[in-house]
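These notes concern the structure reproduced below.
The values are calculated or read from the model by the stated rules, or taken from the named source; none is laboratory data. The structure presented is a predicted model; accordingly, all values stated were derived computationally and were not measured. Methodologically, a virtual Cβ is constructed for each residue, glycine included, from the backbone with ideal geometry; neighbour enumeration extends over all protein chains shown. The area values use the complete protein model at the heavy-atom level, side chains included, leaving out ligands, DNA and RNA. Shrake-Rupley method; radii C 1.70, N 1.55, O 1.52, S 1.80 Å.
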Amino acid sequence: MATTPSVWGLPGSARPTQCLHLCVQLMGMRGAMLELSNTAVLHQMRRDQVTDTCRANSVTSRKRRVLTPSDLKHLVVDEDHELIYCYVPKVACTNWKRLMMVLTGRGKYSDPMEIPASEAHVPANLKTLNQYSIPEINHRLKSYLKFLFVREPFERLVSAYRNKFTQKYNTSFHKRYGTKIIRRQRKNATQEALRRGDDVKFEEFVAYLIDPHTQREEPFNEHWQTVYSLCHPCHIRYDLVGKYETLEEDSNYVLQLAGVGSHLKFPTYAKSTRTTDEMTTEFFQNISSEHQTQLYEVYKLDFLMFNYSVPSYLKLQ
């Protein structure tokens, strides 16, 4: 492993996981370590929340099975800094993939924002855990620092809907999912709507998600799949759970632990089109309480596991 700069007085060759566990040990110290201690406590609480939720929902969440390599295609590996990042679409994953390209590029990239978004999503540009042998997978899961980023589930869902079904350029989603949703959920749909699939209403999208036929037919698309199903937090013990709501702080904490925080920061920029809580509230106004309740059940584990309260706008039955 390449030697990394010293982090908080640790040897330059210290692993990110060693840095993290030392942070937890330092919780009782005062003064200069107070902020670090508070951060370590916060992340310990998030880890405990995941563990407790998995234990409490063991019948549904931990299905007694071994993960297969195909379950690990969302886990991006950085061997130089011993990191594993599980990417979740609609939770700043484009910028985190850009960062991972900088970290794994061995000098090829220096500024993440110079990497086009389309490049960040090319599978060949990043190595994922499913590409390794079983012993190599187990070694990396045991010794690398593992992290993911999560977001309020319904805000993420509305963000996915807005991006995939209201943008005219997303014709592949309109053809693959829009036409299917309209065919199933819209009475008296026009031939044009059935052909184009580009005017899916949010109510139709929700009806499609809670339809038992949908869940039997195929797994959800990754943009609206649960974090629980994408990253398997009941089978993989993540060292850090970052949140979209504290994206900058959590991201830069990961970069500090990786030993690159002095020269690499999470890219920030104002994005006026971002889906907000207020916007999400508006989208749910026309969803019946029955459908709201069924949809909450689909995403319930994500709400519980990552400590998101039931939204005040929901009318659960």
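Quick check on my filter: what residues within the range 279-301 are farther than 19 Å from residue 49 by Cα and open to solvent by 70 Å² or more (accessible area, probe 1.4 Å)?
282, 285, 286, 290, 294
Looking at the structure I just gave you, is residue 261 closer than 30 Å to residue 107 by Cβ and outside any loop (DSSP other than H, G, I, E, B)?
When the stated conditions are applied, residue 261 does not pass them.
When you scan the range 144-246 for helices (runs of 4 or more DSSP H) that lie fully inside it, which ones turn up with 2 or more residues that are of a type in the set (Lys, Arg) and crowded, with 16+ Cβ neighbours inside 10 Å?
Helices (runs of 4 or more DSSP H) meeting the threshold: 153-165.
Spot the failing condition for residue 285; the list is (1) more than 30 Å from residue 104 (Cβ to Cβ); (2) in contact (Cβ under 8 Å) with a residue 40 or more places away in the chain; (3) of a type in the set (S, T, N, Q), and only one is missed.
Just one mismatch for residue 285, condition (2).
Determine which member of the set 304, 255 is assigned to a helix (DSSP H, G or I), closer than 26 Å to residue 141 by Cα and open to solvent by 30 Å² or more (accessible area, probe 1.4 Å).
Only one candidate qualifies: 304.
Out of everything in the range 43-72 that is open to solvent by 70 Å² or more (accessible area, probe 1.4 Å) and at pLDDT 85 or above, what residue ends up being nearest to residue 137 (Cα to Cα)?
My answer is 70.
Got a sec? Which of 225, 215 is under 23 Å from the mean Cα position of the chain (by Cα) and at pLDDT below 95?
215
Quick check on residue 99: is it in a helix (DSSP H, G or I), open to solvent by less than 20 Å² (accessible area, probe 1.4 Å) and either on the phi < 0 side of the Ramachandran plot or among the polar types (S, T, N, Q) (or both)?
Here the answer is yes, as residue 99 does meet what is asked.
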